[in-house]
Amino acid sequence: MPGRPSSKWAAHFFNTYCCNMNLVNATVEFQTDLASFGEGVVIAHDEDAGTLVIRDDVGIHWRGAEDHIVVILSPDEQVAHAG
């Protein structure tokens, strides 16, 4: 996909804007391997360890580091759009 942010940029963005934020219920894009990406919802986030668990739309879980994701919709934004 042209225009996809690099993983280095995504990690910098996360550390700059999303640190100290629990990402449970956030919609995120996550890196599944070197050239593949998926989209899902964060179902667990260990802020101290920097790890999370994401469930995709078919129910498959991905476990990994928070610097391998790009937040599409934060939990706060989802609450604001729910009504």
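Values in this text are rule-based calculations from the coordinates and carry no lab data. What you see is a predicted model; the values in this text were computed from it and never measured. Here the Cβ positions follow ideal geometry from the backbone for every residue, glycine too, while neighbour counts run over all protein chains shown.
For residue 47, enumerate residues with amide H under 5 Å from its amide H, sequence gap 5+ or separate chain, H modeled in the peptide plane.
Long-range HN contacts for residue 47: none found.
Could you go through region 30-37 in sequence order and give the Karplus-derived ³J(HN,Hα) for each residue, using 6.51 cos²θ - 1.76 cosθ + 1.60 with θ = phi - 60°, rounded to whole Hz, and x for Gly and Pro?
10, 8, 8, 7, 3, 10, 10, 9
Sorted by mean Cβ packing within 10 Å, highest first, what order do the peptides 46-58, 64-76 take?
Averaged packing, sorted descending, gives the order 64-76, 46-58.
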